[in-house]
There are 4 protein chains.
Amino acid sequence: MIKLNIGIVGLGRLGKEYANNIAYLVHNANLIAACSLVQEELDFARDTCGVKNLYSSYEDMLTNKEIDAVAIITSTDQHADQIIMAVEAGFHVFCEKPLAINIEDCYKVEKVVEKYPDQITMLGFVRRYDPSYADAKTKLDEGLVGSPFFVRSQTVDKDVFAPFQIEYCTASGGMFHDFSVHDIDLAHWFLGSDIKKVWSLGGAYRFKEFGEAGDADNVFAMCELENGTTAVIAASRVSPFGHNTFTEIMATEGNLKVGDPPRKNMLEIADVHGVRYECLETFFERFKGAFLVQIQDFVDCVLEGKQPALTMQNATKATLVANALTLSFKEKRLINVDDLVLQAK
Amino acid sequence: MIKLNIGIVGLGRLGKEYANNIAYLVHNANLIAACSLVQEELDFARDTCGVKNLYSSYEDMLTNKEIDAVAIITSTDQHADQIIMAVEAGFHVFCEKPLAINIEDCYKVEKVVEKYPDQITMLGFVRRYDPSYADAKTKLDEGLVGSPFFVRSQTVDKDVFAPFQIEYCTASGGMFHDFSVHDIDLAHWFLGSDIKKVWSLGGAYRFKEFGEAGDADNVFAMCELENGTTAVIAASRVSPFGHNTFTEIMATEGNLKVGDPPRKNMLEIADVHGVRYECLETFFERFKGAFLVQIQDFVDCVLEGKQPALTMQNATKATLVANALTLSFKEKRLINVDDLVLQAK
Amino acid sequence: MIKLNIGIVGLGRLGKEYANNIAYLVHNANLIAACSLVQEELDFARDTCGVKNLYSSYEDMLTNKEIDAVAIITSTDQHADQIIMAVEAGFHVFCEKPLAINIEDCYKVEKVVEKYPDQITMLGFVRRYDPSYADAKTKLDEGLVGSPFFVRSQTVDKDVFAPFQIEYCTASGGMFHDFSVHDIDLAHWFLGSDIKKVWSLGGAYRFKEFGEAGDADNVFAMCELENGTTAVIAASRVSPFGHNTFTEIMATEGNLKVGDPPRKNMLEIADVHGVRYECLETFFERFKGAFLVQIQDFVDCVLEGKQPALTMQNATKATLVANALTLSFKEKRLINVDDLVLQAK
Amino acid sequence: MIKLNIGIVGLGRLGKEYANNIAYLVHNANLIAACSLVQEELDFARDTCGVKNLYSSYEDMLTNKEIDAVAIITSTDQHADQIIMAVEAGFHVFCEKPLAINIEDCYKVEKVVEKYPDQITMLGFVRRYDPSYADAKTKLDEGLVGSPFFVRSQTVDKDVFAPFQIEYCTASGGMFHDFSVHDIDLAHWFLGSDIKKVWSLGGAYRFKEFGEAGDADNVFAMCELENGTTAVIAASRVSPFGHNTFTEIMATEGNLKVGDPPRKNMLEIADVHGVRYECLETFFERFKGAFLVQIQDFVDCVLEGKQPALTMQNATKATLVANALTLSFKEKRLINVDDLVLQAK
């Protein structure tokens, strides 16, 4: 069996999950290299995943010609440069979402990628790979519920990560880039059109620290799409009862809803609090399976020489809308997405 | 509009519900008489329901020739005699379940009732009148799920009534007569056959006082029916989270389940305890609507001169099986229902 | 017992429900008069509800001095005038929502009502009287889930009424006045503040006839409130699977959700389609109990001489926002509610 | 890292799952040998799992001294002999449930195993390793719901495997050995006591072929335990809507329920059939994760030199009760489990 040799850069919380998936669970891949500035992360790669080639310099890793593909799981501000470097060095590239925070960076990546059509480049919008989301998309495409005209989607995490998130939120571009970019991509995917106009609201209702950092702990937005359909998006960092990410699609002949209720497992408890189930805590738990299916798909795409369904243009559009939502939130007005395109070009 | 004049006997907790239903909510009935040995109950009839003719003697009430029908909501040990007296005095009769505790009493009532085919006599197995149970029966009869072969049914009340129930349990004949008689009737109704063999178990797991009174706080039973189908029955007086009465029917092409989950209302709470709903507390709350539909049906039957679907024979059979279950519980062995019939005849 | 004598005007679909409730189910009320231009409706009042005084002229009915209170269940365009006439004639008034379509009419009513503080005037926002909504409000006020910052609320009816609704939609002021006014009032009620800015979208996705009539079959809106909280509202006339009205409240320590799932009853079916429950079809079915609780509250308020919790100002504000939503939908822009106030004054 | 070298015997449907788990997903194990009489199964081991040592003779495989442990996934009638051979040859042993159909065989295994206390022997009762069942057990042990007194448990498979099962059912000892043995073990585990008396019923309600083969397509049983608690068990081969395995525990302060509803994934569909979710089809899908956790636990037990929580005695007791249930079903009477023990000894 031919196996794909992968080098990973970034082994934080999510990077470790990727490293483990590539090293052990993707049958047709080997994790042969890892790059990080953090010694603990390199130790993890060597000791837990058996990675032999360890690098503290990304440039150095890109000189290793045994590597076929690079997996980029670093912070968002490094994505664009690292993708461009890897593509120009001749590697296939998988990169965690979002593509970038600046639209300029997105266009820069698009242009480079266009020049290398034989290399596979894939952005990780993991929710498309969740079996329940994929089932919804299949049923929608088969016409089970007719023509979709509304998407209601939210990304909600439990409050356990709050202090960590306060530090993180500026670097990541804020909630619309970090959370809502998933819901934006799903709206585009399910409604078959692009968002053209947005209005967003929100606040630091629980922890004023998020507000002081220029961000929020809960945000809400309404979006008009080119084809006359609508998406309503919400996100929260501070859900008191657990992770609660769901998406509902209204269509002319029925509705589809994915992810609600966010049950931790198949145990139901009946006691003095009523009949209840406990909830998942993190998107790790919720999408653990999807992260594996996604990287497996990347490896299969590379080995079969086909580009993935989600293109760089899709990723750029998601960033574009995340920017529009951020601007709307800050300037408290309706934003035309096209105005941002014009500015960026 | 012709209205039926009703006299009620017994105005305890459930009797008051009946009195109110007849006085105000059944359009084609008048509550014109009430009988009780308890002054407070007669006061209720007069003050709350506007009843004009009040009696402390049942015989006296039966001399009132303005009355068309009698509603008997007394304790079980009085049912048989009161039905017989009313029928022989020329009245239509509605009586709360069960018909009696002794099978001999059941047969005695059956014989008297047979002699008066023009008078309507009805036993109150309220669950048949609950809209959800009725919907299940309709769908079953229409063949939606094929041929039924198994019924799992339970009658479960919240623990709030425990002290009251300890006093009550001997008079009422114990849990099988008081709780399970509903599930027995439902098994007969849904499976289209009669129970012929039973084995029952149980105990006073939470309050040993029930055990000391010769009864239990939880009972379980398995029943074989004449047509080769099976019913499994459970009952509890002491559910910690609320009323939890449900019935599941397995059939060759699908299942039907009624009453699960036992939600108090349409509110869902998501908080530190998980995602949860609160439960109904009592069978009053759960079957409030069904009690009204039931007495309305009795009135309609009388005014239209037709016997109700549930016959005295159905009621006798339910008592018969409740006896068999009680005997099995006490003697710890399989019981053939026919053996009790032979003994009783 | 003192009973309130009520005269009703308007006996269409909903008016008949009110007439029946007042005639039979509200203990301390008598339905003594009815007014309609439609003979069938007067026949209903006389034959089904036993009403003795029948009028084809509203002015005539208001001369009947046996009447204590008037219930107005006519089309929205008549509400304001009929309220004013009844109040000025000395009657207590109950009127179905909404107060009016024009804000000028609302202010006119407010002014008249102010002059008669001893007369009870009540607008029928029925959802506040649904036991599940009331339970949510109680738990919110008790602090169970902390401080609320987001309401997601929708009013969705099954597609069975579509043709009827096409005719009706212009007279009623469109979907925002007919459907969303409930969700607007709930957002105000639960979030403890008023909507100040709105953006709405929607379309005639299923029946283009609604679009041709200047309305929609589905609408969506986002609203910013004075206190920095957010409400997202949706409405549909054409749900393929049934009535699906729900409201979710996000708060700092938990969420409350009312009305989801919209089960028809307590029956669950498991067959080749999966595990499923059937849905309610109409808001009549869903809020049947609440309509009774509401009119009972009106009668109690009158007999006890206290004004209801929901004031004319609340009703005016709901109409104001419905106007803003309608304008936003038509002019495709953000609307400041205050701008409408200024125009109207 | 020290890794355990495993040889597998039996690579049917379930054996292939085990082979794949051991080869790829258990980090500290290698699958180095495979034995089967079927060439396709050996091809699978070599081609899909990369197994190098292939055997058509079990005796031959046991001569390979590189092997540390043997995994037995053959048909039930071979379990006892193959366990004994492997243990006597010095190997650690994992064997799929049930231990055997004959109690004599169980005792024979027990005696051999006792002589080799340093070798790890484990029977695969997979449900104990399902995260939801494990969560229930943990919460029960922590006292969350008080003291348990009733278990209701069922093993239900979709009707897709029917023809295959008709051939299979005699070899496997029938439904009580093949399906109910799981529920028996769970009853023992959750209730902390052993079943002493049983009565079972059932029939071939959907496919008479099962009846003709001396078995059933649906069975039901009630069991009394030594400590006065009760278990009610059901099993079906022919569920029309899918796999539906669940277990409910009633305890003095609350209930725990595992596995209900048996949702295929997190997608909910609302259309003309109502609001619904599709179901899992097979126990493979339902317990895919648990099969992996289980074999991982075996490997960990061996490497850490500790015996697993479930002992040979537990496995023998489950077979004993499965025999009692089968006998009760055939002879239509209550069976004392002790009577079977006396016969067997």
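Which lysines does B:Lys345 reach when only Cα atoms under 30 Å apart count, and residues fewer than 8 places away in its own chain are ignored?
Straight-distance partners of B:Lys345: B:Lys97, B:Lys108, B:Lys111, B:Lys115, B:Lys196, B:Lys197, B:Lys306, B:Lys317, B:Lys330, B:Lys332, D:Lys332.
Tell me which C residue has its C-beta closest to the axis rotating C onto A, and the distance in Å?
Residue and rounded Å distance to the axis: C:Met222, 2.
Return the distance in nm (one decimal) between the two label points of a simple spin-label model at A:Glu142 and B:Val341, each offset 7 Å from Cα along Cα→Cβ.
It is 5.1 nm.
Taking only protein heavy atoms and a 1.4 Å probe, what accessible area per residue, in Å², does the protein assembly as shown have with all protein chains in place? Let's see the in-between values first.
Working: 48350 Å² over 1380 residues.
Accessible surface, normalised per residue, equals 35 Å².
What order, most packed first, do the peptides B:253-260, B:278-285 have when packing is the mean number of other Cβ atoms within 10 Å of each residue?
B:253-260, B:278-285
Have a look at B:Asn30, B:Thr247, B:Val9 and report the one farthest towards the positive end of the charge dipole of chain B, computed about the Cα centre with Cβ charges (Lys/Arg +1, Asp/Glu -1).
Of the options given, the answer is B:Thr247.
Carbon and sulfur atoms: what percent of the 1.4 Å accessible area of the range D:65-148 do they account for?
Working: 1490 of 3140 Å².
That share works out to 47 percent.
Mind listing which GluC sites (Glu not before Pro) in the range D:89-147 are in a DSSP loop and have 14 or fewer other Cβ atoms within 10 Å?
Here the sparse-neighbourhood loop sites are D:Glu142.
For B:Val219, what is the net charge nearby, where nearby means another residue's Cβ is under 11 Å from its Cβ and Lys, Arg count +1, Asp, Glu -1?
Result for the local shell: -3.
Place the peptides D:55-68, B:23-36 in order of packing, highest mean first, counting for every residue the other Cβ atoms within 10 Å and averaging per peptide. Kindly include the intermediate steps, with their values, before the conclusion.
On the way: D:55-68: 15.7, B:23-36: 20.9.
So the order, starting with the most tightly packed, is B:23-36, D:55-68.
Hey, quick one: spin label on B:Leu14, modelled 7 Å out along Cα-Cβ, who in the range B:85-127 has an amide N within reach, i.e. under 14 Å?
B:94-101, B:123-127
About the Cα centre, and with charges only on the beta carbon of Lys, Arg (+1) and Asp, Glu (-1), how big is the dipole of chain C? Nearest 20 debye, please. Mind dumping the intermediate values first?
Working: 33 positive and 49 negative charges, 85 e Å.
Using only the charged Cβ atoms, the result is roughly 400 debye.
Expressed in nm to one decimal, what extension gain is obtained for the pair D:Ser193 and D:Gln78 from 0.36 nm per residue of sequence separation less their Cα-Cα distance?
38.5 nm
Count the net charge of all other residues whose Cβ sits under 11 Å from the Cβ of D:Tyr129, scoring Lys and Arg as +1 and Asp and Glu as -1.
Once all neighbours under 11 Å are counted, the net charge is +1.
Distances in nm, one decimal, shortest first, from B:Lys196 to the same residue in every other copy, taking the label point 7 angstrom along Cα→Cβ.
3.1, 7.4, 7.8
How much net charge surrounds B:Ala324 when only the other residues with a Cβ under 12 Å from the Cβ of B:Ala324 are counted, with Lys and Arg +1 and Asp and Glu -1?
Values: positive: B:Lys196, B:Lys197, B:Lys317, B:Lys330, B:Arg333; negative: B:Asp194, B:Glu224, B:Glu331, B:Asp338, B:Asp339.
So the surrounding residues net to 0.
Would you mind calculating the gained length between C:Lys115 and C:Lys3 on full extension (0.36 nm times residue separation, minus the Cα-Cα distance), in nm to one decimal?
37.7 nm
What average number of partner chain Cβ atoms lie no more than 10 Å from the Cβ of the residues making up D:305-311?
Per residue, the number of nearby Cβ atoms from other chains is 0 on average.
Can you give the charge dipole size of the protein assembly as shown about its Cα centre, rounded to the nearest 20 debye, using +1 on the beta carbon of Lys and Arg and -1 on the beta carbon of Asp and Glu? Spell out each step's value before the answer.
Values: 132 positive and 196 negative charges, 1 e Å.
With only Lys, Arg, Asp and Glu charged at Cβ, the dipole is about 0 debye.
So which lysines pass the test for C:Lys52, namely a Cα distance under 20 Å, with those fewer than 8 places away in the same chain ruled out?
Within the straight-line cut-off, C:Lys52 pairs with B:Lys3, C:Lys3, C:Lys16, C:Lys65.
What is the calculated FRET efficiency for D:Glu59 to C:Gln39, with r their C-beta to C-beta distance and R₀ = 60 Å, to the nearest 0.05?
Using R0 = 60 Å, I get an efficiency of 0.05.
Show me C:220-231, C:325-336, B:333-344 ranked by packing, highest mean number of other Cβ atoms within 10 Å first.
Answer by packing, highest mean first, reads C:220-231, C:325-336, B:333-344.
Shortest first, in nm, what separates the label point of A:Lys288 from those of the same position in the other copies (7 Å along Cα→Cβ)?
Shortest to longest, the spacings are 1.4, 4.4, 4.6 nm.
Rounded to the nearest 100 Å², what's the accessible area chains A and D bury against each other, both chains counted, probe 1.4 Å?
The contact between D and A buries close to 2500 Å².
Take peptide C:134-147, look around each residue's Cβ out to 10 angstrom, count Cβ atoms belonging to other protein chains, and average those counts.
2
Which whole-Hz couplings ³J(HN,Hα) result when phi for each residue of the range B:108-116 is put into the Karplus expression 6.51 cos²θ - 1.76 cosθ + 1.60, θ = phi - 60°, listed in order with x for Gly and Pro?
Ordered by residue, 3J(HN,Hα) equals 4, 4, 3, 4, 5, 4, 3, 6, 10 Hz.
So which lysines pass the test for D:Lys139, namely a Cα distance under 21 Å, with those fewer than 8 places away in the same chain ruled out?
A:Lys264, D:Lys257
Can you work out ³J(HN,Hα) from phi for every residue in the range B:328-345, in order, using Karplus 6.51 cos²θ - 1.76 cosθ + 1.60 and θ = phi - 60°, giving whole Hz and x for Gly and Pro?
3J(HN,Hα) across the range B:328-345, in whole Hz: 4, 4, 7, 9, 6, 8, 5, 10, 8, 4, 4, 4, 5, 4, 4, 4, 6, 8.
Once every DSSP H run of n ≥ 4 in chain C is given -39500 (n - 2.57) and the sum is divided by its residues, what mean residue ellipticity at 222 nm do you get, rounded to the nearest 500 deg cm²/dmol? Could the numbers behind the result be given before it?
Details: 12 runs with 136 residues, N = 345.
Here the helix-only value at 222 nm equals -12000 deg cm²/dmol.
Mind checking which of A:Leu62, A:Thr121, A:Ile101 is farthest towards the positive end of the range A:4-125's charge dipole, using Cβ charges of +1 (Lys, Arg) and -1 (Asp, Glu) about the Cα centre?
Towards the positive end, the residue furthest out is A:Thr121.
Put a label point 7 Å from Cα along the Cβ direction on D:Glu110, then list its distances to the equivalent points in the other copies in nm, shortest first.
Result, one decimal in nm: 5.0, 7.3, 8.5.
Once a ≥ b ≥ c are taken as the square roots of the eigenvalues of the Cα gyration tensor of the protein assembly as shown, is the result rounded (a/c under 1.5), prolate (a/b larger than b/c) or oblate (a/b not larger than b/c)?
Numbers: a/c = 2.53, a/b = 1.13, b/c = 2.24.
Oblate.
How much of the DSSP bridge set in chain A is antiparallel, in percent, rounded to the nearest 5?
Restricted to chain A, the bridges split so that about 50 percent are antiparallel.
To the nearest whole number, what is the average tally of beta carbon atoms from other chains within 10 Å of the beta carbons of peptide D:17-29?
Going residue by residue through D:17-29 and averaging, the value is 1.
Give the long-range amide H neighbours of A:Val93: residues separated by 5 or more places, or on another chain, with amide H under 5 Å away, using H modelled in the peptide plane at 1.01 Å from N.
A:Val70, A:Ile120, A:Thr121, A:Met122
Could you run the Karplus curve 6.51 cos²θ - 1.76 cosθ + 1.60 with θ = phi - 60° over the range A:42-57 and give me ³J(HN,Hα) per residue in whole Hz, x for Gly and Pro?
Working through the residues one at a time gives 5, 4, 4, 4, 6, 7, 8, 10, x, 6, 8, 9, 10, 9, 9, 10 Hz.
What nm value, rounded to one decimal, do you get for the distance between A:Tyr168 and C:Arg333 when each label is placed 7 Å out toward the C-beta?
4.1 nm
Give the long-range amide H neighbours of C:Lys197: residues separated by 5 or more places, or on another chain, with amide H under 5 Å away, using H modelled in the peptide plane at 1.01 Å from N.
C:Glu224, C:Val337
The values are calculated or read from the model by the stated rules, or taken from the named source; none is laboratory data. Because the structure is predicted, anything quoted here is derived from the model rather than measured. So basically every Cβ, Gly included, is an ideal-geometry build from the backbone, and we count neighbours across all protein chains shown. The accessibility values were calculated without ligands, DNA or RNA, using every heavy atom of the protein model including side chains. Shrake-Rupley method; radii C 1.70, N 1.55, O 1.52, S 1.80 Å.
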